[in-house]
Amino acid sequence: MSMQPIATIKRTKEIQERYQIFTKKSYGQNFIIEPKIVEKIAMAAIEDPSELVFEIGPGIGALTQFLCQRADCVIALEIDERLPEILKKEIDGNLEIILQDVLSIDIDELIASKRKDHQKVVFASNLPYYITTPILFKLFEAKEPIERITVMMQKEVGARFLATNCESEYNALSVITQYRCDVKKIMDVSRHVFWPKPNVDSMVVQFTFHHKYHVENEDFFFEMVKACFQQRRKTIYNNLGQWLKDKKKAEEVLSKVSIPLNTRAQQLSLEDFILLYEVLA
């Protein structure tokens, strides 16, 4: 077992050759080959060694290696059946590997079965770009407490999570995320630090759960927010009227919360959407 960082082109190629393991496009695999990047992600993800750390999609262990150096317990969720054997041989630390698709796992059951009393739970990942949003929303919907999520994602998607009202990237995803979390950018990451090199740049984003807001029927609230953004060029009056199948009601609701009929959804803050929900609920 080598103590050299896995996140280098030399070590990555060595591991690929030794185990005859090559990237699978179907799993969106791109291995990081710059150790300073994964070290910085691990430092941002873990504040205390006692935290229970879940890593989604560890690959050959570039980030896993640094997570295990900083935490007493790391649980890696991996879909590729070729990789657990490699991780066991190459990673030194308290690592448990679960071979399962994270989208098919009961997250609450998983956390409840692994978490000790009062232990903080964190997630860290270099997420496959094509399933970033479904995975994050699965975590956002968890009932078990999660402290923070630190993930690498496509830069363009990261910009949507970070966007505030009146910015061009602001959409339903931005509103729903900010309802759950405080969001901040950790760093931008160039496409040139991956093997094989993807076609886009990346960004590391951190989500810290805040529990500032609470609406009684969250499913209805999220559905309403998505409906308001259904057609970006249309006014909120048009989108809301279409969703309610009642333009008169849409006009009444918007009037009650003092939102002009010609407003577009991207002009509204999270607080505006909550006011809208409270009139409709």
- Answer yes or no: is there a residue in region 87-96 that is within 30 Å of I9 (Cβ to Cβ) and among the small types (G, A, S). yes
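Does V74 meet the test of being in contact (Cβ under 8 Å) with a residue 40 or more places away in the chain and either loosely packed, with under 15 Cβ neighbours inside 10 Å or in a strand (DSSP E or B) (or both)?
Working: in contact (Cβ under 8 Å) with a residue 40 or more places away in the chain: no; either loosely packed, with under 15 Cβ neighbours inside 10 Å or in a strand (DSSP E or B) (or both): yes.
Here the answer is no, as V74 does not meet what is asked.
Listed here are the residues, each with its yes/no results for (1) assigned by TED's automatic domain parsing to the domain that holds A163; (2) modelled with pLDDT under 95; (3) under 23 Å from L162 (Cα atoms).
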position	(1), (2), (3)
F222	no, yes, yes
S258	no, no, no
A265	no, no, yes
L276	no, no, yes
- Query: Within region 162-169, is even one residue of a type outside the set (A, V, I, L, M, F, W, C) and in contact with a Leu (Cβ under 7 Å, 6 or more places away or on another chain)?
  - Reply: yes
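State which residue is nearest to E14 (Cα to Cα) when the search covers only region 189-203 and only residues that are in contact with an Asp or Glu (Cβ under 8 Å, 6 or more places away or on another chain) and hydrophobic (A, V, I, L, M, F, W, C). Lay out the reasoning, then the answer.
First pass over region 189-203, keeping only residues in contact with an Asp or Glu (Cβ under 8 Å, 6 or more places away or on another chain): 189-191, 193, 200-203.
So of that shortlist, the ones also hydrophobic (A, V, I, L, M, F, W, C) come out as 189, 193, 200, 203.
On the way: V189: 24, V193: 17, V200: 26, M203: 27 Å.
Per the criteria, the residue is V193.
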- Considering only strands (runs of 3 or more DSSP E) fully contained in region 89-154, which possess at least 2 residues that are in contact with a Lys or Arg (Cβ under 9 Å, 6 or more places away or on another chain), touching a residue at least 60 places away in the same chain (Cβ under 8 Å) and of a type outside the set (K, R)? 121-126
- Among the residues of region 21-58, write down those that are at pLDDT 95 or above and assigned to a helix (DSSP H, G or I). P35, K36, I37, V38, E39, K40, I41, A42, M43, A44, A45
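The values are calculated or read from the model by the stated rules, or taken from the named source; none is laboratory data. Keep in mind that what you see is a predicted model, and the values were worked out from it rather than measured. In this analysis, Cβ positions are derived from the backbone assuming ideal geometry, glycine residues included, and neighbour counts consider all displayed protein chains.
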